[in-house]
Amino acid sequence: MPETEPMSLDDPMQQLAEAIGGLELAPLQTPIEQMCFAAGFEAGRKRAGTWRRIAAMIALSAGATIAWDHRATPTSHAPNYAERITDSKASTSPIAERTFSPVITAANLRLRQAVLSNGWDALPASAGEETAPPRPLQSMPSDPHLPRT
Amino acid sequence: MSSTHPQQAITQLFKAHSRALLLYARQWLDDWAAEDVVQRVFVRLLASSQVPDDPRAWLFRCVRNEAISAWRSQRRRGRNEKAAGAEGRAWFVPRPDDSIDATTAQEALASLPAEQREIVALRLWSGLTLSQIGSVSGMAASTVHLHYAQAMNALRQRLEVPCQKQNR
């Protein structure tokens, strides 16, 4: 029974309260051992969940690190000619520009063939002066190892 | 929180208060749902392995919150639950030396309004003081006493106990 308090009931009511309070309450159907098992199971499930979350976080961070490194390194080592030409146009003279973008024309090919066959004497006297285009080749140089047609 | 032999302390709490907690939960729920609520509270307490400072009040407050939550979810689902105490398992175990019939007492308690029934269950079987009952149920101590007096008066009329004649 509860302890006596200032606001208590009168005696008849107190007797009634004692009579009702003296009734034996029905017990639970579940024993405490089963609850202990359920509590242990629950605690184990939470612990496993914690480790699972930790493993997932590690895997995620590792994946993010790998992805970041992969993104930082260039994917291709091929030179970017377009970028170089743009840079050279911006920073060099027209002569340098001509150096980086050689124009392959018939005259140049003929000049190359003349140098290959006659040596440096085939070059014109001065590249800066206005000179006549080289004469067209009369015959191609023959290779002694190739069969004659 | 005290951490000395928590499982032993919780086992003692179970032995001392589980029946009263079950009766308390039955004020809102049917038998099985009330038992589930009490079981959940004890499982949570066992899993935490820490006994609260005022374990008795803590247990009754937790059971109250869980029972009201379960009652609301049942109501949302639209389940046609039986009214508390209408049918089902008995709240009390009848004994030959009881001064009041257990079945009649259960019916009388079930006929009380919900607030009065809750106060009577807490007052008669939990061992909590009026102020503790007020803190558990969220009422002022004077309101608790008022509900308790009204409930006992209603129970007296219902059980037809001739209280006044006993004084003569």
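The values are calculated or read from the model by the stated rules, or taken from the named source; none is laboratory data. No experiment lies behind these values; they were computed from the predicted model shown. Note that each Cβ is placed from the backbone with ideal geometry, even for glycine, and that neighbours are counted across all protein chains shown.
General observations
- Here B:ALA105 qualifies as more than 21 Å from B:ALA16 (Cβ to Cβ), surrounded by 17 or more Cβ atoms within 10 Å (Cβ to Cβ) and either more than 11 Å from chain A (Cβ to nearest Cβ) or modelled with pLDDT under 90 (or both).
- Check on A:PHE37, under 60 Å from the mean Cα position of the chain (by Cα), of a type in the set (Phe, Trp, Tyr), surrounded by 13 or more Cβ atoms within 10 Å (Cβ to Cβ) and at pLDDT 80 or above: yes
- Pick from the stretch B:108-126, criterion more than 9 Å from chain A (Cβ to nearest Cβ) and closer than 12 Å to B:GLN150 by Cα, ranking: surrounded by the most Cβ atoms within 10 Å (Cβ to Cβ): B:ILE119
- Flag if B:SER69 is among the polar types (S, T, N, Q), in a helix (DSSP H, G or I), surrounded by fewer than 16 Cβ atoms within 10 Å (Cβ to Cβ) and modelled with pLDDT of 85 or more: yes
- Residues of the stretch B:23-54 classified as closer than 23 Å to A:PHE41 by Cα and in a helix (DSSP H, G or I), total: 17
- Only a single item in (1) modelled with pLDDT under 90; (2) assigned to a helix (DSSP H, G or I); (3) touching a Pro at 6+ places or on another chain (Cβ under 9 Å); (4) not acidic (Asp, Glu) is not met by B:GLY127, and it is number (2).
- Members of the stretch B:10-56 found to be touching a strand residue (DSSP E or B) at 6+ places or on another chain (Cβ under 8 Å) and either surrounded by fewer than 20 Cβ atoms within 10 Å (Cβ to Cβ) or at the interface with chain A (Cβ under 9 Å from one of its Cβ atoms) (or both), listed by number: B:ILE10, B:ARG19, B:ALA20, B:LEU22, B:LEU23, B:LEU45, B:GLN50, B:ASP53
- Being at pLDDT below 85 and under 23 Å from the mean Cα position of the chain (by Cα) is true of A:ALA78.
- Condition check for A:ILE58: surrounded by 11 or more Cβ atoms within 10 Å (Cβ to Cβ), at pLDDT 80 or above and among the β-branched types (Val, Ile, Thr): no
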